[in-house]
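Visitor: Here you go, one structure.
The values are calculated or read from the model by the stated rules, or taken from the named source; none is laboratory data. On a predicted model such as this, the values are computed, not experimentally measured, just so you know. Note: ideal-geometry Cβ built from the backbone for every residue, glycine included; neighbour counts use all protein chains shown. We work out accessible area using only protein heavy atoms, side chains counted, and drop any ligands, DNA or RNA first. Shrake-Rupley method; radii C 1.70, N 1.55, O 1.52, S 1.80 Å.
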Amino acid sequence: MATELDKVRYLAGIGEKRSLLFGKLGIDTVGALLRFYPRNYEDWSKVTPIAQARGMGNVCIKATVVSEVKENYIRKNMVLYKFTVKDESAFMTVTIFNNKYDAAKIHIGQEYLFYGKLSLESFRFDMNSPQIRPTGFEIIRPIYRKTAGLSSSAIEKAVKTALTAVKIEEFLPDEIIKKNGLCSREYAIKNIHFPSSAAALKLARKRLVFEELFMLQSGLLLIKNVNRGKTPCVMEKDFSKEFYPLLPFELTSAQKRCINDAVKDMASDRPMNRLVQGDVGSGKTAVAAACCFCAVKNGYQAAMMAPTEILAEQHFKTLEKIFKDSGIKVALLTGSLTKKKKEQLKESLEKGEIQIVLGTHALLSDNVYFKNLGLVITDEQHRFGVEQRARLQSKGNSPHVLVMSATPIPRTLALIMHGDLDVSVIDEYPKGRQTTKTYSVASSYHERIYNYIKKHIEKGLQGYIICPLIDEEEESTGLISAEQYFKELSEKVFKEYRLGLLHGKMKPKEKDLVMRSFAAGEIDLLISTTVIEVGIDVPNAAIMVIENAERFGLSGLHQLRGRIGRGEAESTCILVSDSKSAQENRLKIMCKTVDGFEIADKDLALRGPGDFLGNRQHGLPELHIADLESDLSVLKEAGAQAKALILSDPLLKADKHARFKSEVEKMLANAQKN
């Protein structure tokens, strides 16, 4: 008897060569094959009368052949085979296209099953190119996602082989199965692939959806408990009230709430592991500064890592200004520092003379040491892998961890995306933050748009034009590239102005130079792809034009729009698209709201969760069957029960949970490999 861990190539009928095709679908083991659930089904079990089947999509009709099969030659190598069938409700004409083999199997007077779409023309029912089976095939048949060289039928056959070769074992805790009225895992796996009835399919799906969401959330909670031993970095006193007067502005109640959450965590002997999630311009840096202040005042050092030098510099300047007269020394460590400056800085850091250090990946270098690192902060945390964050944490003795993200995540996904973190949300804008006005127009408005940009430049303001493409290789789609657009605009429309170009194929140093020139006001108009950094602060940029806006998701458009409206000038974002459906749906949403969380929710509804969970940087297990929209109630219930289980057995050490723990650990290990 095979096991679910066995390689799929050892299954009868597969072998080495075909296993490579299964590998393209992410199927390497027998267990992975059994978890490769059908994407759809053909329901041959529900027979519909001919007279009632029109307009119902694919249907199964049981009917008797009442005429001989006639051949109709349309042209060379193209033959139509036509015949008439009937049931108790009506007659129907069946047409088979160029398939002599199928036509030869049809015999007058015999009853068959016909699966396909029915049409009605001139009071006559027709079915073109149906699948035809003899009676007795009244089953619900699985349809699988396929790849070149591997059909759905071939996958179906392999699954049948696997089900006879493997003993499917139970691993969910008994109390969970009973409490939720779940069928056995064996019944669920068999009936999700080959349902004995519609009711059996429903029961199988209920079990597997709950199992998937329950395991995922149990796993994330287990990670949290495993990673949270004790920490000696206990912040015994709350200094946040002393921090507030250092700021030249008043914090919002949302910022104060997030600071309070973090300070409470840092007062515990368990290391903080908190995400601060805030929309573009909501003031996350001030929250980070408050946490740094509390850490320093309690005798610890703080390190903050950003994904690029320009972002690290931006944070450094902000914190240096805040802590100017506080006696706290702030430093910046990046790869571009001279060797001598780097050595001096590292020495001061190791001695504890520098209390707060801002930096890029340079902070991860082996020869960077801290005297007493108590707080680690990562900005734009999705840009760092799990290992990189762990390396920075390892430079202290179980320091507290704060991660920040300006990418709003739909509320329905927050539990999944950050199940191993405590989440604080800044859902309020600081006073004086500009609201960017957004308009959606067709490309016929270009001349007016260009004149509008010129008016802004004449006032001493700056702007962006965003293109979805990079170079001429992609022009077959009919969309203009950033390089070509830059050439045309700089030589014609904006030849009197200073233009810059930024795209992903430029070297990091080149990109950095362009962004610095733009931030310094040396470029009036920046033609860019989406590589402009999240968080880059150019207060003088007050206009943005996004070309072919229909090519971007709502969340992507919102992130781009966040690059403007950061100063005192009224800001405008213009979305250019000739797609009527985009104008009427997605782009209309952008014009109505600037709330990133609302936009993320709408984006989820329009595009589905795949785009949000598709980013493998999170190290999250893949969802094979659960749908986070339709299964939201199951997500919540499974989450509540996962919390109860982990609360009762934090590390799943009880014997009755051993099998479940093993499966959860396998799931998490596979996710990290991907």
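Visitor: Any idea which residue in the range 174-211 is farthest from Ser45 (Cα to Cα), counting only those that are touching a residue at least 60 places away in the same chain (Cβ under 8 Å) and more than 30 Å from the chain's Cα centre (by Cα)?
Guide: Only one residue fits best here, namely Asp174.
Visitor: Of everything in the range 587-601 that's open to solvent by less than 20 Å² (accessible area, probe 1.4 Å) and of a type in the set (A, V, I, L, M, F, W, C), which residue is farthest from Ile426 (Cα to Cα)?
Guide: So the residue we want is Leu587.
Visitor: Output the number of residues of the range 559-586 satisfying the condition of being open to solvent by 10 Å² or more (accessible area, probe 1.4 Å) and either over 20 Å from Ile457 (Cβ atoms) or in a loop (DSSP other than H, G, I, E, B) (or both).
Guide: Going through the range 559-586 one residue at a time, the tally reaches 14.
Visitor: Collect the residues in the range 305-330 that are touching a Phe, Trp or Tyr at 6+ places or on another chain (Cβ under 9 Å), open to solvent by less than 10 Å² (accessible area, probe 1.4 Å) and under 10 Å from Ile356 (Cβ atoms), keeping them in residue-number order.
Guide: Residue satisfying the conditions is Phe323 alone.
Visitor: Return yes when Leu421 is in contact with a Phe, Trp or Tyr (Cβ under 7 Å, 6 or more places away or on another chain) and either at pLDDT below 85 or open to solvent by 30 Å² or more (accessible area, probe 1.4 Å) (or both) and no when it is not.
Guide: Taking the combined requirement at face value, the residue does not satisfy it.
Visitor: Also, quick follow-up: If you go through the range 242-275, how many residues are part of a helix (DSSP H, G or I) and open to solvent by less than 10 Å² (accessible area, probe 1.4 Å)?
Guide: Residues that pass the stated criteria total 7.
Visitor: Restricting the range 634-674 to residues that are part of a loop (DSSP other than H, G, I, E, B) and free of Cβ contacts under 8 Å to residues at least 40 places away in the same chain, which is surrounded by the most Cβ atoms within 10 Å (Cβ to Cβ)?
Guide: If we take residues in the range 634-674 being part of a loop (DSSP other than H, G, I, E, B) and free of Cβ contacts under 8 Å to residues at least 40 places away in the same chain, then Asp649 is surrounded by the most Cβ atoms within 10 Å (Cβ to Cβ).
Visitor: As an exercise: evaluate Val79 against (1) touching a Leu at 6+ places or on another chain (Cβ under 8 Å); (2) without any contact (Cβ under 8 Å) to a residue 24 or more places away in the chain; (3) open to solvent by less than 20 Å² (accessible area, probe 1.4 Å) and give the number of the one condition it does not meet.
Guide: (1)
Visitor: Identify, please: which residue in the range 197-241 is acidic (Asp, Glu) and buried (at least 16 other Cβ atoms within 10 Å of the Cβ) and is, among those, farthest from Glu622 (Cα to Cα)?
Guide: Taking the candidates together, the pick is Asp238.
Conditions tested, residue by residue: (1) surrounded by fewer than 16 Cβ atoms within 10 Å (Cβ to Cβ); (2) at pLDDT below 80.
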position	(1), (2)
Gly432	yes, yes
Asn451	yes, no
Gln462	no, no
Pro468	no, no
Leu489	no, no
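Visitor: Working only within the range 62-76, note down all residues that are open to solvent by 50 Å² or more (accessible area, probe 1.4 Å) and of a type in the set (A, V, I, L, M, F, W, C).
Guide: Listed by number, the residues that qualify are Val66, Ile74.
Visitor: Another question, if that's okay. Quick check, is Arg141 farther than 30 Å from Leu645 by Cα and touching a residue at least 12 places away in the same chain (Cβ under 8 Å)?
Guide: The answer is yes for Arg141.
Visitor: Return the total of residues in the range 30-73 being within 28 Å of Glu156 (Cβ to Cβ) and charged (D, E, K, R).
Guide: 6
Visitor: Taking the range 7-53, which residues are in contact (Cβ under 8 Å) with a residue 60 or more places away in the chain, of a type in the set (D, E, K, R) and closer than 20 Å to Ile168 by Cβ?
Guide: Of everything in the range 7-53, just one residue is in contact (Cβ under 8 Å) with a residue 60 or more places away in the chain, of a type in the set (D, E, K, R) and closer than 20 Å to Ile168 by Cβ, namely Arg35.
Visitor: If I go through the range 30-61 residue by residue, how many of them are in contact with a strand residue (DSSP E or B) (Cβ under 6 Å, 6 or more places away or on another chain), open to solvent by less than 70 Å² (accessible area, probe 1.4 Å) and in a strand (DSSP E or B)?
Guide: Number satisfying all stated conditions: 6.
Visitor: Would you point out which residue out of Val514, Val531 is surrounded by fewer than 17 Cβ atoms within 10 Å (Cβ to Cβ), within 16 Å of Cys467 (Cβ to Cβ) and of a type outside the set (Asp, Glu)?
Guide: Val531
Visitor: Name the single residue that is modelled with the highest pLDDT among those in the range 434-449 being part of a loop (DSSP other than H, G, I, E, B) and open to solvent by less than 40 Å² (accessible area, probe 1.4 Å).
Guide: In this case the residue turns out to be Ala442.
Visitor: Here is a follow-up. Tally the residues that are open to solvent by 20 Å² or more (accessible area, probe 1.4 Å), outside any loop (DSSP other than H, G, I, E, B) and within 20 Å of Leu526 (Cα to Cα), restricting the search to the range 546-558.
Guide: 2
Visitor: Here's something else I'd like to know. Restricting attention to the range 159-169, and to residues there that are in contact (Cβ under 8 Å) with a residue 40 or more places away in the chain and open to solvent by 40 Å² or more (accessible area, probe 1.4 Å), which single residue is nearest to Ser19 (Cα to Cα)?
Guide: Per the stated criteria, the residue is Lys167.
Visitor: Which of the residues belonging to the range 14-29 are of a type outside the set (S, T, N, Q) and either assigned to a helix (DSSP H, G or I) or modelled with pLDDT under 90 (or both)?
Guide: Matches in the range 14-29: Gly15, Glu16, Lys17, Arg18, Leu20, Leu21, Phe22, Gly23, Lys24.
Visitor: Moving on. Hey, can you tell me all the residues within the range 84-94 that are touching a residue at least 24 places away in the same chain (Cβ under 8 Å) and surrounded by 15 or more Cβ atoms within 10 Å (Cβ to Cβ)?
Guide: Val85, Lys86, Asp87, Ser89, Ala90, Phe91, Met92, Thr93, Val94
Visitor: Being of a type outside the set (Gly, Ala, Ser), in contact (Cβ under 8 Å) with a residue 40 or more places away in the chain and open to solvent by 40 Å² or more (accessible area, probe 1.4 Å) is the filter here, so list the residues in the range 98-116 that pass it.
Guide: His107, Ile108, Gln110, Glu111
Visitor: Can you name the condition, by its number, that Glu496 falls short on among (1) closer than 18 Å to Lys437 by Cα; (2) in a loop (DSSP other than H, G, I, E, B)?
Guide: (1)
Visitor: Among the residues of the range 69-85, are any touching a Ser or Thr at 6+ places or on another chain (Cβ under 9 Å) and not in a strand (DSSP E or B)?
Guide: Checked the range 69-85: no residue is touching a Ser or Thr at 6+ places or on another chain (Cβ under 9 Å) and not in a strand (DSSP E or B).
Visitor: While we're on this one: Could you tell me whether any residue of the range 374-395 is at pLDDT below 95, surrounded by fewer than 23 Cβ atoms within 10 Å (Cβ to Cβ) and more than 32 Å from the chain's Cα centre (by Cα)?
Guide: Taking every residue of the range 374-395 in turn, none turns out to be at pLDDT below 95, surrounded by fewer than 23 Cβ atoms within 10 Å (Cβ to Cβ) and more than 32 Å from the chain's Cα centre (by Cα).
Visitor: Among (1) modelled with pLDDT under 80; (2) closer than 28 Å to Val226 by Cα, there is one condition Val403 misses while meeting the rest; what is its number?
Guide: (1)
Visitor: Name the one entry in Lys230, Lys237, Lys224, Lys190 that is under 30 Å from Ala302 (Cα atoms) and in a helix (DSSP H, G or I).
Guide: Going through Lys230, Lys237, Lys224, Lys190 in turn, the sole match is Lys224.
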